[in-house]
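The structure under discussion appears below in the form of structure tokens.
The values are calculated or read from the model by the stated rules, or taken from the named source; none is laboratory data. Remember, it's a predicted structure, so these values are computed and weren't measured experimentally. Ideal geometry is used to build each Cβ from the backbone, glycine not excepted, and the neighbour counts take in all protein chains shown.
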Amino acid sequence: MQEPGRFCDKCQSFDVSPTAFRSSPYKERRVHQLGKFVEVEARTDCALCRFLTEAFLNGPGTDKFLQDEALVQGTWSSISGDLPNACLVFWLVANNYVDKLEFSIRHIRDDEVPMIGDARVITDALIDVNLVKNWVELCEKEHYCKSVPIEATRASQLPDGFMVIDVVDNCLIGKTYPCRYLALSYVWGNSIAFKTTSQNVNELRTKGSIGDIWNQLSPTIQDAILFTRQLGERYIWIDSLCILQDNAQNAVANIEAMDSIYRYATMVLLVAEDNAASRGLPGVSNPRQVHQFRSELSPGLPVLGRFNHSAYLDQARYRSRGWTYQEEQLSTRALIFANHQLYFACPSHVYGEDVYEGNQLGPDDILRFPDITSRYIREGQPQSVMYFRSVQAYTLRTLTFPSDTLKAFSGMGAVLGQALSSEMIHGLPASIFDLALLWQPAGKMSRKEGFPSWSWAGWHGAVRWNGDTMELASYGSLPDLKQELEVITKWIRTRTWIDWKYRNQNGTENLVWERNREGKAGSVFWPSSGYHEVSEIGYDSKAATNINPYGRHSSSDPTITAYKTRHSSPPAVCLNLAKIPDYLQPLCFQTLSVQLFMKPSNHYLRYGSVDPVWEPNGRVVFLLYTEDLQTCGYVLLDEVWKSKFCAEESYEFLLLSEANYYCDWGRPHEDHPFKRFNGYRDYEEFHVMMIEWKKVGGDGTKAAERVGLGRVLKEAVRTTDAKNIAWKEVVLI
């Protein structure tokens with residue numbers, strides 16, 4: 001513990017004292033600038049600067065901040081609503097002003113009954129089970145998420161053959177809904193020595209059988225079973241033991257029900273300790289060493305500093321793996337093992353061993369906020385934004401087997417599909433299909449076998465829906481529910497024209513979106529307040545007819561309409577689709593195709609002041625040109641195209657939908673001869689997909705693959721020479 005000392009001029013402005021931690025100084029609503037971290041580090045005579053230096057030098061992931069000229073900021077903050085209790089909150093801010101690491105300082109009180117948010121010194125080498133039981137009891141009896149209307153959702157549909165471990169009788173047991181059980185979420189690693197199979201499952205159903213194989217279980221699984229028993233719970237679901245690992249039917253049933261299994265679990269034991277595979281869960285069967293940041297800032301003022309549990313999760317292997325993504329996201333309540341401590345998170349509260357929960361029922365907002373922001377499926381969020389954010393976060397993770405890409409997202413897909421009242425077509429929601437197709441690479445990408453090129457699942461690498469995907473995103477702030485209806489849904493219904501078809505697993509040709517689908521729009525389970533419905537997002541089922549199967553409300557751009565009416569109606573069956581092998585998962589549609597030239601540029605894509613600084617990360621903005629070499633658009637491609645492209649060759653681009661731009665930032669193609677107006681106008685561009693044609697059958701049948709996505713000006717399309725433009729039926733794989 002640091003010796004108490006004086007404060008520097010910067011830190012004196014905080015007026016740190018025992019009274020300040022109780023007297024609501026957070027009402028000043030001021031952020032104090034302490035300067036660069038190197039300057040804070042140099043102020044060794046200041047007790048607060050020394051404490052911050054120790055924490056930021058030894059905190060989770062701080063090395064990536066300290067390599068740059070990071071800044072340190074701080075303020076007083078309320079802990080819970082209007083209660084007279086406050087803490088100091090500091091941020092280590094990277095030089096891009098986007099990435100921040102939060103560190104809070106709380107008072108250690110021994111002279112009075114602690115309030116919510118006061119610091120608690122951890123002295124127990126083993127986890128205090130009674131404390132954990134108290135958290136669970138508070139949630140189930142007092143929180144507004146205590147009543148979970150599972151019956152309103154798929155979560156009441158546990159899979160056929162569902163099994164759990166009975167920790168009292170030490171065996172596997174089959175259960176059906178309703179059933180109270182815990183679930184384990186962890187990184188397998190190389191630690192799984194024993195698995196349940198068709199050959200040993202009957203033996204494992206015998207009372208005491210888990211004890212017979214105890215030494216073959218990994219320390220993580222052993223401690224999970226012990227901890228379940230210590231908590232007074234009887235059942236726990238662990239994938240390696242509760243799924244028949246050699247039975248495809250049983251495995252598929254469980255994988256397809258991951259949303260039910262994890263959402264319905266009473267609690268999920270979420271293990272984010274990198275050494276757990278070999279050492280078990282800290283504080284369960286083996287003593288743990290807990291490091292806490294403590295100091296006496298001035299005589300009689302002991303404090304404890306803490307990083308939020310989410311910061312430790314971000315640095316753990318747990319948040320780098322694909323399978324654990326939906327397990328964390330779908331858990332209704334979680335007991336989180338991280339940093340050799342235990343945390344509890346539910347839809348309304350977050351608790352930690354190092355912070356008193358107090359007798360008050362209000363949440364600790366400092367603990368809860370990072371947990372809320374890392375949850376992508378939550379009440380009050382627009383359904384489409386939940387989907388975009390969920391996929392963006394998921395594609396940052398890795399999988400041992402790339403073939404598991406959609407399996408490991410199946411639970412999230414089921415919940416998002418329920419929110420959007422939509423089937424998922426290779427990871428894209430059918431109800432907003434035109435919008436979902438407009439993903440862009442967030443860095444370098446390469447093709448992935450077994451999935452179509454038009455889906456993000458068909459590529460290795462992270463994706464995002466950029467600011468120019470929809471004009472709404474250019475404002476910088478996320479849309480609310482009203483904007484989702486007024487802008488996103490309106491755009492889908494009035495600025496798109498393609499009637500998408502695909503071949504399902506049975507070999508039958510279907511529309512991607514079916515107006516006669518089952519389910520109510522927006523029906524979804526919200527752990528915080530139950531089950532409710534919102535307005536239909538995306539295509540309009542009420543306006544849909546056989547002639548207008550996607551329920552669009554108006555004709556598309558005049559150029560598209562003119563070409564459409566010049567050609568005969570699309571055949572009832574896409575003739576080329578029948579020639580494509582099933583494994584290629586083809587998409588069939590008709591649209592306008594244009595031939596354009598391109599060359600690489602040094603331009604960047606940035607859509608507003610809140611966007612991070614553009615970093616190519618293996619991507620290049622190619623400018624598009626007409627035959628007479630007039631700039632008319634751009635496409636974002638992998639950097640390999642700098643050596644692949646030929647300036648004298650034209651490339652094919654498919655028009656997908658109308659595009660808008662509501663931002664004053666310069667465009668890659670801002671200076672072009674087609675801009676015959678000042679400023680910008682609504683919908684003067686098309687979204688375009690660059691494609692390449694490939695032979696896919698022995699008879700010479702060809703299909704297109706996505707190469708990249710961009711934009712082209714409408715005026716350039718209207719004036720394109722007839723030999724470079726055509727209405728086409730396309731099969732996209």
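Here are the numbers:
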item	result
Every pair of residues 6+ apart whose Cβ atoms lie under 9 Å, when the first sits in the stretch 123-142 and is farther than 15 Å from Cys346 by Cβ while the second is among the hydroxyl-bearing types (Ser, Thr, Tyr) and modelled with pLDDT of 95 or more	Leu126/Ser285; Leu131/Tyr351
From Leu182, Leu172, residue being at pLDDT 95 or above and more than 30 Å from Ala419 (Cβ to Cβ)	Leu172
Subset of the stretch 175-189 that is assigned to a loop (DSSP other than H, G, I, E, B), hydroxyl-bearing (Ser, Thr, Tyr) and touching a Ser or Thr at 6+ places or on another chain (Cβ under 8 Å) - its residue that is surrounded by the most Cβ atoms within 10 Å (Cβ to Cβ)	Tyr186
Meets criteria (buried (at least 19 other Cβ atoms within 10 Å of the Cβ) and out of contact with any Gly (no Cβ under 7 Å at 6 or more places or on another chain)) for Ala272	yes
Search result, residues across the stretch 101-125 that are modelled with pLDDT under 90 and not β-branched (Val, Ile, Thr)	Arg109, Asp110, Asp111, Glu112, Pro114, Met115
Residue identified as at pLDDT 95 or above, surrounded by 22 or more Cβ atoms within 10 Å (Cβ to Cβ) and touching a strand residue (DSSP E or B) at 6+ places or on another chain (Cβ under 9 Å) among Tyr325, Tyr312	Tyr312
Qualifying positions in the stretch 394-418 - under 16 Å from Arg319 (Cβ atoms) and either modelled with pLDDT under 90 or within 12 Å of the chain's Cα centre (by Cα) (or both)	Tyr394, Thr395, Leu396, Arg397, Phe409, Met412
Residue in the stretch 24-37 that is touching a helix residue (DSSP H, G or I) at 6+ places or on another chain (Cβ under 7 Å), among the aliphatic types (A, V, I, L, M) and part of a helix (DSSP H, G or I) present	no
Every pair of residues 6+ apart whose Cβ atoms lie under 6 Å, when the first sits in the stretch 390-401 and is assigned by TED's automatic domain parsing to the domain that holds His460 while the second is of a type in the set (Val, Ile, Thr) and not in a helix (DSSP H, G or I)	Thr395/Val463
Close pairs (8 angstrom Cβ cut-off, 6 or more residues apart or separate chains): without any contact (Cβ under 8 Å) to a residue 40 or more places away in the chain in the stretch 35-47, among the aliphatic types (A, V, I, L, M) and buried (at least 17 other Cβ atoms within 10 Å of the Cβ) anywhere	Gly35/Leu71; Gly35/Val72; Lys36/Ala70; Lys36/Leu71; Lys36/Val72; Val40/Leu34; Val40/Leu52; Val40/Val72
Per-region count, the stretch 74-100, residues within 15 Å of Ile366 (Cβ to Cβ) and part of a strand (DSSP E or B)	12
Selection within the stretch 633-652 - touching a Phe, Trp or Tyr at 6+ places or on another chain (Cβ under 9 Å) and buried (at least 18 other Cβ atoms within 10 Å of the Cβ)	Gly633, Tyr634, Val635, Leu636, Leu637, Trp641, Tyr651, Glu652
Of the criteria (1) surrounded by fewer than 16 Cβ atoms within 10 Å (Cβ to Cβ); (2) at pLDDT 90 or above; (3) under 20 Å from Leu92 (Cα atoms), which one Asp15 fails	(3)
Scope the stretch 538-553; condition exposed (fewer than 13 other Cβ atoms within 10 Å of the Cβ) and either basic (Lys, Arg) or modelled with pLDDT of 95 or more (or both); matching residues	Lys542
Scope the stretch 223-277; condition of a type in the set (Val, Ile, Thr) and in a helix (DSSP H, G or I); matching residues	Ile225, Thr228, Val252, Ile255, Ile261
Residue list for the stretch 90-107, restricted to those being touching a residue at least 60 places away in the same chain (Cβ under 8 Å), surrounded by fewer than 19 Cβ atoms within 10 Å (Cβ to Cβ) and under 23 Å from Gln292 (Cα atoms)	Glu102
Any hit, the stretch 491-510, residues being buried (at least 17 other Cβ atoms within 10 Å of the Cβ) and at pLDDT below 80	no
Count of residues meeting criterion [within 33 Å of the chain's Cα centre (by Cα) and buried (at least 23 other Cβ atoms within 10 Å of the Cβ)] in the stretch 712-730	2
The stretch 67-89 - residue that is in contact with a Lys or Arg (Cβ under 6 Å, 6 or more places away or on another chain) and touching a residue at least 60 places away in the same chain (Cβ under 8 Å) and, of those, farthest from Asn308 (Cα to Cα)	Pro84
Qualifying helices (runs of 4 or more DSSP H) (wholly inside the stretch 324-439; at least 1 residues being within 23 Å of Leu101 (Cα to Cα))	365-373, 383-394
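Matching residues to (1) out of contact with any strand residue (DSSP E or B) (no Cβ under 6 Å at 6 or more places or on another chain); (2) within 30 Å of Ala224 (Cβ to Cβ); (3) outside the structural domain of Arg22 (by TED's automatic domain parsing); (4) of a type in the set (Val, Ile, Thr):
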residue	(1), (2), (3), (4)
Gln73	no, no, no, no
Gly81	yes, no, no, no
Pro84	yes, no, no, no
Phe90	no, no, no, no
Lys100	no, no, no, no
Phe103	no, no, no, no
Val113	yes, no, yes, yes
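Yes/no matrix, rows are residues, columns are (1) under 25 Å from Tyr312 (Cα atoms); (2) surrounded by fewer than 24 Cβ atoms within 10 Å (Cβ to Cβ); (3) not aliphatic (A, V, I, L, M):
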residue	(1), (2), (3)
Tyr356	yes, yes, yes
Ser384	no, no, yes
Gln392	yes, yes, yes
Leu420	no, no, no
Leu438	no, yes, no
Ala442	yes, yes, no
Met445	no, yes, no
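Listed here are the residues, each with its yes/no results for (1) within 30 Å of Tyr394 (Cα to Cα); (2) of a type outside the set (Phe, Trp, Tyr); (3) assigned to a strand (DSSP E or B).
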{"position": "Gln289", "(1), (2), (3)": "no, yes, no"}
{"position": "Ser295", "(1), (2), (3)": "no, yes, yes"}
{"position": "Val303", "(1), (2), (3)": "no, yes, yes"}
{"position": "Tyr312", "(1), (2), (3)": "yes, no, no"}
